[in-house]
Structures are given as structure tokens and as C-alpha cells.
Amino acid sequence: MTTTRPSGSPLRSTDELTRLRMCLGGACALIAWLAFGALTGVGKTPSLLYPLALVVTLAGALLALTRAGVLLWAATALAVGSFCLVAMTPFVTTVLPTKNLVRNDKLSKDSLGAVIVLSTGITPDSLLAPEALDRLLTGLALMRDSIAPVLVVTQPRRQSDGITAAPDQARVRALVLRPFPMLTVDSVHVTHDEAVGAWRLLHQRGVTRVAVVTSPLHTRRACATFEHVGFTVSCVAAASRVYSVDRAQSADDRLDLFRAWLYEWAAWIEYRGRGWVTR
């Protein structure tokens, strides 16, 4: 004889509760991951964000069934709370010590031997990324004002296809009609490579006093790195179209500034650990 389990039986209630906890755990893990991605910049890399989102969701669903589920709820609250604090309040411009990373020295044109413009990413069409273009335009403005006799640019090289920013740098250089030599430090990957390459290029020419041009939050680490290899540096913060240190008002502006600060903070710790900066 066949019997039917009552609809309100404890077993069915337990199954429904399990499914509910898994759905809630997966949803919380996904929300936390998306908030983390927005805060750290992972969200700008879809090939990394979305595949890992699936893994994180599944892990959250399973974690919710264990005693460690409380860590999931706490991580979700922390990630969402941090996102709201950064994106929806003036925290990054009033509390976060972003300005401590900005160094902008007074220039003395009589003693500088070169202006060094640091580069960054390039597009698949070998065009300068916005941040790199900001730096180069600022450096060219200094050369227009005869701050130094020589301009030095650094060129990253894409490992996948060997593309460099040289053609675009030459096009932008042509906007300044005053003649001056433009030297190149090629195939750099990190700021330390740029400093070492520039020293090898300029030291043999007797140039040790330079102006280093880079993005505002990158100035302190970059100039400390160049000083560590032997240069006497005047630091120049480029005009930035990527983020505003003082006037980040929209959620996107605040997130851009926070990501730049977070990256520089982590990079400073790495450079101290590697002995590439001493202060």
C-alpha cells in the first residue's frame, strides 16, 4: 500500500530551507563579489569578473549550508558597506589620505637635464591609454616652456603582439613645434624598469637632475624609485582626466580615485619589500 507524506512534513520543510539557504548564500556571494570588483577594478576585466562570479556564487551556496556561513554574511555586509561608503559619500576626498601620495615639486629650469615622461597602458591599435596621454601632454607643455633640453619617454611593449606606443608618441610629440630631442626607454613593464632604463640612458650623458612626469597618485612612488637609482628628481603631477584628487563627486569618479589609491598603496608596500624605494 502506498502512503503519501503530508505536505507539511518536517522532511519537506528541511529541503525547502536548504534550498532557500543555498539561494541566499549564492546571491550574497555574488553581490559581495560584484561590490569587490567595483572597488578593486576587477569589474573592468570582464574575462576575470564573470567566470569567477559563477565560481563565487556556487561557493557561496555551499558555504551557506555550513557553520562558516556566518563569514559569508559578514563578508557580504563588509563589501556592500564599503562600496556604499566609497561610491555614495565624500569619504575618498575628505577622509582617505589620497593627497599624501601626491608630490608636486617646484621646478628650476636652469638645473634640469631632462624631462622624463612615464608611460602606462596602450590600446591594440598602438594608441596611448588616456592616463599615458595625460602624462605626455604635461611633459610636452614643460618642453614647450624650455624646462629642460631633452625629453625622455618610456614605452611599454604588449607581450602578446609586441605593439608599442612609439607611433602615437611621435604623433603627439609633433604637436610641439619647438625642436628638441626625444629619447626612448623601451620595453618597460613596471616603474622600476623605467627608472633603471632612464639611468642607463642619461647617466652616460652626464644627466642626473631630471623632472619626472606621471599621474598624481603615482608621483610619490615613482619619484622615490627614480631617486633610489641615483637621480635628483623634481616631481611633476600630470593633469589627470582619469580621476580627480580634489573634486571626485560622482560615484564613478570616487570609485576611480579609490581604485588608484588602493593600487598605489599596495604597490608602495611591494616596492618597500623589494628595496626599490627607501622611504
Does any residue in the range 243-265 that is farther than 12 Å from Leu39 by Cβ and of a type in the set (Ser, Thr, Tyr) come within less than 6 Å, Cβ to Cβ, of a residue that is part of a helix (DSSP H, G or I) and open to solvent by less than 40 Å² (accessible area, probe 1.4 Å) six or more places away or on a different chain, and which pairs are these? Tyr243/Asp256; Tyr243/Leu257; Tyr243/Ala260
Taking the stated definitions as given, is Leu112 at pLDDT 90 or above, aliphatic (A, V, I, L, M) and within 30 Å of Ala141 (Cβ to Cβ)? yes
Evaluate the following for Gly113: is it under 30 Å from Cys28 (Cβ atoms), of a type in the set (Gly, Ala, Ser) and touching a helix residue (DSSP H, G or I) at 6+ places or on another chain (Cβ under 9 Å)? no
Checked pairs for the range 111-124, first open to solvent by 30 Å² or more (accessible area, probe 1.4 Å), second modelled with pLDDT of 85 or more, C-beta under 7 Å and 6 or more apart or across chains, list as Ser111/Arg209; Thr120/Ala129; Thr120/Glu131; Thr120/Ala132; Gly121/Ala129; Gly121/Ala132; Thr123/Ala129
Taking the range 235-270, which residues are under 14 Å from His218 (Cα atoms) and over 15 Å from the mean Cα position of the chain (by Cα)? Cys235, Val236, Ala237, Ala238, Ala239
Go through the range 175-195 and give me each residue that's among the hydrophobic types (A, V, I, L, M, F, W, C), at pLDDT 90 or above and surrounded by fewer than 19 Cβ atoms within 10 Å (Cβ to Cβ). Phe180, Met182, Leu183, Val190
Can you tell me which residue in the range 75-109 is modelled with the lowest pLDDT, limited to those that are basic (Lys, Arg) and either within 24 Å of Gly26 (Cβ to Cβ) or more than 20 Å from the chain's Cα centre (by Cα) (or both)? Lys109
Filter the range 8-41 down to residues that are within 18 Å of Ser82 (Cα to Cα), of a type in the set (Val, Ile, Thr) and either open to solvent by 70 Å² or more (accessible area, probe 1.4 Å) or modelled with pLDDT of 95 or more (or both), then give me how many there are. 1
Give me the pairs: first residue in the range 50-74 and modelled with pLDDT of 90 or more and open to solvent by 40 Å² or more (accessible area, probe 1.4 Å), second residue of a type outside the set (S, T, N, Q) and not in a helix (DSSP H, G or I), beta-carbon distance under 6 Å, and six or more apart or on different chains, which are they? none
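The values are calculated or read from the model by the stated rules, or taken from the named source; none is laboratory data. In this text, all values refer to a predicted model and were calculated from it rather than measured experimentally. Please note: Cβ atoms are built from the backbone with ideal geometry, for glycine as well, and neighbour counts cover all protein chains shown. Ligands, DNA and RNA are stripped out before the accessible areas are found, and what is left, the full protein with its side chains, is counted by its heavy atoms. Shrake-Rupley method; radii C 1.70, N 1.55, O 1.52, S 1.80 Å.
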